[in-house]
Structures are given as C-alpha cells and as structure tokens.
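Student: Okay, handing you the structure first.
The values are calculated or read from the model by the stated rules, or taken from the named source; none is laboratory data. None of the values given here were measured: they were computed from a predicted structure. Neighbour counts are summed over all protein chains in view; Cβ atoms, including those assigned to glycine, are modelled from backbone coordinates with ideal geometry.
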Amino acid sequence: MTLDGLQKYAEVTLRLGLGIVLVWLGILKFVSDTVSRAFADAGFTFMDPHTFAIVLGIIELLIGVMLIIGLLMRVTASFAALLFLMYIIAVMAWGSRTPVYIALFACALTLVIKGSGECSLDHLLKA
C-alpha cells in the first residue's frame, strides 16, 4: 500500500488524536483539583472555580467522544477549535504551553474543513 492509499485514514487519525486528548483533559478535571486551584489563584470570579472545572471537564469529554466516533464532525470540530482558542488566550495570559494549544487548534480547524472522513459515524449515517 502506498502513502496515497493511506490518505483515507488521515481524518480518523486526526479525530482519534484530538478526541483522546480532550477525553484525557476532561478526565483530569474530575480526578485532580489542579485546574480549579489555577482558576482560583487567577482570581476567577465568573462562577465557583471547582464547578467551572467540572463543567469544562464534561464539555471536553463530550467533544472528545464525539470526535472519536465521528459524529456531527464539522460542528464538533468547530466547538473543539473554539475551546482550544480559549485555551490559547487563557494560557497566553498565564504564560505556558501555548504552542501545544496552537497545534491542537490547527488540527481542529483541519477537521472543520475536511470533515469526518470515511471511518466515522457521520459516514455510516449518510449511507
């Protein structure tokens, strides 16, 4: 099989990578209080920092699972891109790991443009 034959797996690879990252980030919100402490230390006053971290974890888990199964891909990837853009802005204010979120943002935008590909629930539902 040539590399050209592997192109149909590009979207699924991207989806799985982003989905696993988001599921992992979501799980961390439930098992560690690091994020809620960071929100509290930053003077976050929009809502209770712990509650916000849990809500953010649920959103990350939901987007991650939808990316993994390939459901409503362009909408899901758009939400992932917005989430990573928010992280870029927040992290720039705190001054760490910005390049990682820029790369994840670019991956999410690629999925917005390309869609879910053949190996997805979206593709099965269209058939």
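Student: Evaluate the following for ILE54: is it touching a Leu at 6+ places or on another chain (Cβ under 9 Å) and aliphatic (A, V, I, L, M)?
Tutor: no
Student: Can you find, within the range 1-41, the residue that is farthest from LEU72 (Cα to Cα) among those that are surrounded by fewer than 19 Cβ atoms within 10 Å (Cβ to Cβ) and aromatic (Phe, Trp, Tyr)?
Tutor: Per the criteria, the residue is PHE30.
Student: With respect to THR51, determine if the residue is without any contact (Cβ under 8 Å) to a residue 24 or more places away in the chain, among the polar types (S, T, N, Q), under 30 Å from LEU125 (Cβ atoms) and out of contact with any helix residue (DSSP H, G or I) (no Cβ under 8 Å at 6 or more places or on another chain).
Tutor: So THR51 does not fit the description; no.
Student: Can I ask one more? Kindly provide the set of residues from the range 46-70 that are among the hydrophobic types (A, V, I, L, M, F, W, C) and over 14 Å from the mean Cα position of the chain (by Cα), ordered by number.
Tutor: Answer for the range 46-70, where residues must be among the hydrophobic types (A, V, I, L, M, F, W, C) and over 14 Å from the mean Cα position of the chain (by Cα): PHE46, MET47, PHE52, ALA53, ILE54, VAL55.
Student: Right, next: Could you grab me the full set of residues in the range 93-126 that are of a type in the set (S, T, N, Q) and at pLDDT 90 or above?
Tutor: THR110
Student: Same structure, new question: Return only the number of the condition from (1) out of contact with any Gly (no Cβ under 7 Å at 6 or more places or on another chain); (2) in contact (Cβ under 8 Å) with a residue 24 or more places away in the chain; (3) of a type in the set (Gly, Ala, Ser); (4) closer than 19 Å to VAL21 by Cβ that GLY64 does not satisfy.
Tutor: With (1) out of contact with any Gly (no Cβ under 7 Å at 6 or more places or on another chain); (2) in contact (Cβ under 8 Å) with a residue 24 or more places away in the chain; (3) of a type in the set (Gly, Ala, Ser); (4) closer than 19 Å to VAL21 by Cβ applied to GLY64, the lone miss is (1).
Student: Where residues in the range 77-127 are of a type in the set (Ser, Thr, Tyr) and either in contact (Cβ under 8 Å) with a residue 40 or more places away in the chain or in contact with a Ser or Thr (Cβ under 6 Å, 6 or more places away or on another chain) (or both), which of them is surrounded by the most Cβ atoms within 10 Å (Cβ to Cβ)?
Tutor: Within the range 77-127, the first condition is being of a type in the set (Ser, Thr, Tyr), and the residues that meet it are 78, 87, 96, 98, 101, 110, 116, 120.
Filter once more, so that each one left must be either in contact (Cβ under 8 Å) with a residue 40 or more places away in the chain or in contact with a Ser or Thr (Cβ under 6 Å, 6 or more places away or on another chain) (or both): 110, 116, 120.
Values: THR110: 15, SER116: 25, SER120: 20.
Among those that are of a type in the set (Ser, Thr, Tyr) and either in contact (Cβ under 8 Å) with a residue 40 or more places away in the chain or in contact with a Ser or Thr (Cβ under 6 Å, 6 or more places away or on another chain) (or both), it is SER116.
Student: Against the conditions (1) at positive phi; (2) under 17 Å from the mean Cα position of the chain (by Cα); (3) not hydrophobic (A, V, I, L, M, F, W, C), where does ARG15 fall short? Just the number, please.
Tutor: Going through (1) at positive phi; (2) under 17 Å from the mean Cα position of the chain (by Cα); (3) not hydrophobic (A, V, I, L, M, F, W, C) one by one, ARG15 breaks only (1).
Student: Further question: Can you find even one residue in the range 43-61 that is at pLDDT below 85 and either surrounded by 14 or more Cβ atoms within 10 Å (Cβ to Cβ) or part of a helix (DSSP H, G or I) (or both)?
Tutor: Yes, the range 43-61 contains at least one residue that is at pLDDT below 85 and either surrounded by 14 or more Cβ atoms within 10 Å (Cβ to Cβ) or part of a helix (DSSP H, G or I) (or both).
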